[in-house]
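**Student:** What follows is a structure written as structure tokens; I'll ask about it next.
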Amino acid sequence: MVFRHSLLVVHVLVMSFLSAAGAEAQLSRFQFAQAHMGTEFRIVLYASDANAASQASDAAFSRIAELDTIMSDYDPGSELMRLCQQAGGAPVKVSADLFRVLTHAQELSRRSEGAFDVTVGPVVRLWREARAVRQMPDPKRLAEAVKLVGYENLRLDAQTQTAQLLKPGILLDLGGIAKGDAADQAIAVLKSHGIFRALVGGAGDIAASGPPPAKEGWVIGIAPLDPRKKPERFLLIHDGAVSTSGDSEQHLDVAGVRYSHIINPKTGMGLTGRSSVTVVAPNGITADSLATAVSVLGPERGLKLVKSYSGTGVLFVVETEQRVRSYEARFPENRKQ
Ligand code: AMP
Ligand code: MG
């Protein structure tokens, strides 16, 4: 099975079922896919029968759909967009789901010195328009949008579970974090249905529980910079997550320069120069958001940030005119196929 995402093709090579001792011997492999959050989410799981597998996967997909109705910035009726309509006003009580994601985002904003910033929404919108018409965003509008960006303008209060946007016009964008969180939440739902060997992936964001029966882990193949290429590197994961960020699919080319959909919140510019960042972490919300943050920070500061989180590792591949360079820290060894 192939996971397509912004920079890497992640081939999940699920090895054929091997019979094992005891109850494990009864498990069979099932695979499901549904469209959510503007991408295809896939679930691979081991269950005792087709009924158990489809009940569990239905519940997991419903959970992802529920999170989409909360976090979407495309749907004006989402909880996120309703919160943004209150920008400049009083604190707003939000759901536990939205509060969890915003809290994680804000911590990463602090730790990355604002490289990750969910208040980047007004700028993301301009770049989306720019990609649609294949023209650079208007500099004046971009400058106005950048003035609204700044994670300090989002205030959270854990006691009251409220969020407050301090300036009118602020728009939140959870595109760099929501899919990893959704994968985590789907894994949790599968566990509540008695499924403990599963993998959930939405585009470049993958989370896993236990490995396939009699295996050490799920094999993830990574093809940095070009999703059409064969994976060069393979890693095994279980009870953890892997996410990738990059520009191979969503970008704008103007006058020979490629601008990524990932934005430097300080300048409002799409990142230039081709790069691909893969992060492994104990959970999807961490892997997804870190991969986006590290893309903005660059190899040196990015690797330092990843190393400050326990149980994480990173592979950063950059293409220059001369050559491709890789930087890595605590990234799992290559498991050749
Ligand atoms: P990902 O593919 O996970 O790296 O997420 C990229 C998406 O995150 C973009 O399409 C935007 O919606 C959003 N985004 C872009 N730049 C940033 C940033 N600096 N911090 C947080 N989110 C961002
Ligand atoms: Mg991300």
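**Student:** Anything in the range 176-202 that is among the small types (Gly, Ala, Ser), in a loop (DSSP other than H, G, I, E, B) and crowded, with 23+ Cβ neighbours inside 10 Å? List them, or say none.
**Tutor:** GLY176 - this is the single residue of the range 176-202 that is among the small types (Gly, Ala, Ser), in a loop (DSSP other than H, G, I, E, B) and crowded, with 23+ Cβ neighbours inside 10 Å.
**Student:** Would it be correct to say that MET81 is outside the structural domain of HIS238 (by TED's automatic domain parsing) and either touching a residue at least 24 places away in the same chain (Cβ under 8 Å) or more than 30 Å from LEU27 (Cα to Cα) (or both)?
**Tutor:** For MET81, the condition - outside the structural domain of HIS238 (by TED's automatic domain parsing) and either touching a residue at least 24 places away in the same chain (Cβ under 8 Å) or more than 30 Å from LEU27 (Cα to Cα) (or both) - is met.
**Student:** Another question, then. Out of all the residues in the range 286-298, is one or more more than 16 Å from ligand 2 (Cβ to nearest atom), in the same structural domain as VAL219 (by TED's automatic domain parsing) and in contact with a Ser or Thr (Cβ under 7 Å, 6 or more places away or on another chain)?
**Tutor:** No, the conditions are met nowhere in the range 286-298.
**Student:** Quick one: is LEU98 touching a Pro at 6+ places or on another chain (Cβ under 7 Å), at negative phi and modelled with pLDDT of 95 or more?
**Tutor:** No: the conditions fail for LEU98.
**Student:** Same structure again: What number of residues within the range 109-133 are under 20 Å from GLY284 (Cβ atoms) and either among the hydroxyl-bearing types (Ser, Thr, Tyr) or away from ligand 1 (no atom under 14 Å from the Cβ) (or both)?
**Tutor:** Count: 2.
**Student:** Sticking with this structure for a sec: Return the only residue of ASP117, ASP49 being charged (D, E, K, R) and within 18 Å of ASP173 (Cα to Cα).
**Tutor:** ASP117
**Student:** Hey, another quick one. Restrict the check to the range 83-103 and report whether at least one residue is touching a helix residue (DSSP H, G or I) at 6+ places or on another chain (Cβ under 9 Å), assigned to a helix (DSSP H, G or I) and farther than 18 Å from GLN161 by Cα.
**Tutor:** Checked the range 83-103: no residue is touching a helix residue (DSSP H, G or I) at 6+ places or on another chain (Cβ under 9 Å), assigned to a helix (DSSP H, G or I) and farther than 18 Å from GLN161 by Cα.
**Student:** Being crowded, with 20+ Cβ neighbours inside 10 Å and within 16 Å of ligand 2 (Cβ to nearest atom), is that true of even one residue in the range 152-173?
**Tutor:** Yes; the residues of the range 152-173 include at least one that is crowded, with 20+ Cβ neighbours inside 10 Å and within 16 Å of ligand 2 (Cβ to nearest atom).
**Student:** Restricting attention to the range 270-291, and to residues there that are surrounded by fewer than 24 Cβ atoms within 10 Å (Cβ to Cβ) and under 20 Å from ASP181 (Cα atoms), which single residue is farthest from the chain's Cα centre (by Cα)? Break it down stepwise before answering.
**Tutor:** Of the residues in the range 270-291, the ones surrounded by fewer than 24 Cβ atoms within 10 Å (Cβ to Cβ) are 271-274, 282-283.
Restricting the remaining residues to those that are under 20 Å from ASP181 (Cα atoms) gives 282-283.
Numbers: PRO282: 13, ASN283: 11 Å.
Among residues in the range 270-291 that are surrounded by fewer than 24 Cβ atoms within 10 Å (Cβ to Cβ) and under 20 Å from ASP181 (Cα atoms), the one farthest from the chain's Cα centre (by Cα) is PRO282.
**Student:** Let me ask something additional. Out of all the residues in the range 89-108, which are more than 8 Å from ligand 1 (Cβ to nearest atom) and small (Gly, Ala, Ser)?
**Tutor:** In the first step, residues of the range 89-108 are kept if they are more than 8 Å from ligand 1 (Cβ to nearest atom); the result is 89-104, 106-108.
Residues satisfying the conditions are GLY89, ALA90, SER95, ALA96.
**Student:** Out of LEU199, LEU148, report the one residue that is among the aliphatic types (A, V, I, L, M) and within 16 Å of ligand 1 (Cβ to nearest atom).
**Tutor:** Working: LEU199 fails: within 16 Å of ligand 1 (Cβ to nearest atom).
Checking each option against the conditions leaves just LEU148.
**Student:** Another question, then. Which strands (runs of 3 or more DSSP E) does the range 4-67 wholly contain that include 2 or more residues that are at pLDDT below 95?
**Tutor:** 9-13
**Student:** Within the range 263-280, track down each residue that is of a type in the set (A, V, I, L, M, F, W, C) and away from ligand 2 (no atom under 11 Å from the Cβ).
**Tutor:** Listed by number, the residues that qualify are ILE263, MET269, LEU271, VAL280.
The values are calculated or read from the model by the stated rules, or taken from the named source; none is laboratory data. A quick note: this is a predicted structure, and the numbers were derived from the prediction, not measured. Note: ideal-geometry Cβ built from the backbone for every residue, glycine included; neighbour counts use all protein chains shown.
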